[in-house]
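Each remark here refers to the structure printed beneath this line.
The values are calculated or read from the model by the stated rules, or taken from the named source; none is laboratory data. The structure presented is a predicted model; accordingly, all values stated were derived computationally and were not measured. Cβ sites come from the backbone with ideal geometry, for glycine too, and all protein chains shown count toward neighbours. Just so you know, the surface numbers come from the protein's heavy atoms only, side chains and all, with ligands and any DNA or RNA stripped out. Shrake-Rupley method; radii C 1.70, N 1.55, O 1.52, S 1.80 Å.
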Amino acid sequence: VGIIFGILSHTSGKIIMLSDKKTSLRLAEMLLGGKSGSIKIIGSMERSALKEMGNILTGSYLASLSDFSGLNLIASTPVLKISKAKEIMSSAIVSYKLDFILAVQATLRIKAEEFAEDILLILKPETFDMIFKNIVKRVRL
């Protein structure tokens with residue numbers, strides 16, 4: 001399961017959050033107050049809950065990156081895709097010449113359960129250079 005965001009403003013890029021279907025089903029159950037094993041498919045309510053969770057995580061991630069880089073980075077409306085990771089990645093980055101992907105594994109803790117989410121920051125080379133040059137400038141100040 002992938003949740004894909006465009007990055008708006010001064011930059012060009014995507015953020016993709018990836019998790020397996022079992023993890024996504026369990027997260028949806030917890031977000032919607034269901035019991036373990038109560039959700040068998042990812043329907044419209046589950047999609048909405050997962051996208052909102054993605055909004056929160058991506059917003060936090062971009063806010064931190066904005067603070068470090070001095071740029072105003074904003075996420076677009078999310079798109080949720082249910083497919084294999086390779087297909088999700090291919091559809092999200094079709095127009096990109098990839099030189100850089102920053103991968104972060106986030107662990108979400110909800111009550112006593114932990115969930116792994118892979119967060120991929122995909123930037124066009126010129127955007128990567130702009131963000132990290134700004135970070136270097138700010139660190140040197």
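Tabulated results
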{"item": "Residue satisfying all of: in the stretch 49-71; of a type in the set (A, V, I, L, M, F, W, C) and under 30 Å from residue 134 (Cβ atoms); most open to solvent (accessible area, probe 1.4 Å) among these", "result": "68"}
{"item": "Unmet requirement for residue 83, which otherwise passes all of (1) touching an Asp or Glu at 6+ places or on another chain (Cβ under 8 Å); (2) open to solvent by 20 Å² or more (accessible area, probe 1.4 Å)", "result": "(1)"}
{"item": "Residue within the stretch 85-108 that is without any contact (Cβ under 8 Å) to a residue 12 or more places away in the chain, within 23 Å of residue 56 (Cβ to Cβ), touching a strand residue (DSSP E or B) at 6+ places or on another chain (Cβ under 7 Å) and outside any helix (DSSP H, G or I) present", "result": "yes"}
{"item": "Residue check, residue 74 in a strand (DSSP E or B), within 17 Å of the chain's Cα centre (by Cα), surrounded by 11 or more Cβ atoms within 10 Å (Cβ to Cβ) and without any contact (Cβ under 8 Å) to a residue 24 or more places away in the chain", "result": "no"}
{"item": "Failed criterion for residue 46 (all others in (1) open to solvent by 50 Å² or more (accessible area, probe 1.4 Å); (2) more than 19 Å from residue 121 (Cβ to Cβ) hold)", "result": "(1)"}
{"item": "Residue, nearest to residue 111 (Cα to Cα), within the stretch 26-41, restricted to residues that are outside any loop (DSSP other than H, G, I, E, B) and open to solvent by less than 70 Å² (accessible area, probe 1.4 Å)", "result": "30"}
{"item": "Candidate set: the stretch 94-141, residues that are of a type in the set (A, V, I, L, M) and modelled with pLDDT under 80; chosen: the one surrounded by the fewest Cβ atoms within 10 Å (Cβ to Cβ)", "result": "141"}
{"item": "Members of the stretch 50-71 that are more than 12 Å from the chain's Cα centre (by Cα) and under 17 Å from residue 122 (Cα atoms)", "result": "63, 64, 65, 66, 69, 71"}
{"item": "Number of positions in the stretch 1-15 that are closer than 12 Å to residue 123 by Cβ and either polar (S, T, N, Q) or open to solvent by less than 10 Å² (accessible area, probe 1.4 Å) (or both)", "result": "4"}
{"item": "Residue selected from the stretch 109-127 under the condition assigned to a strand (DSSP E or B) and touching a Phe, Trp or Tyr at 6+ places or on another chain (Cβ under 7 Å), by the criterion nearest to residue 26 (Cα to Cα)", "result": "119"}
{"item": "Residue count for the stretch 75-93, restricted to those that are small (Gly, Ala, Ser) and modelled with pLDDT under 90", "result": "4"}
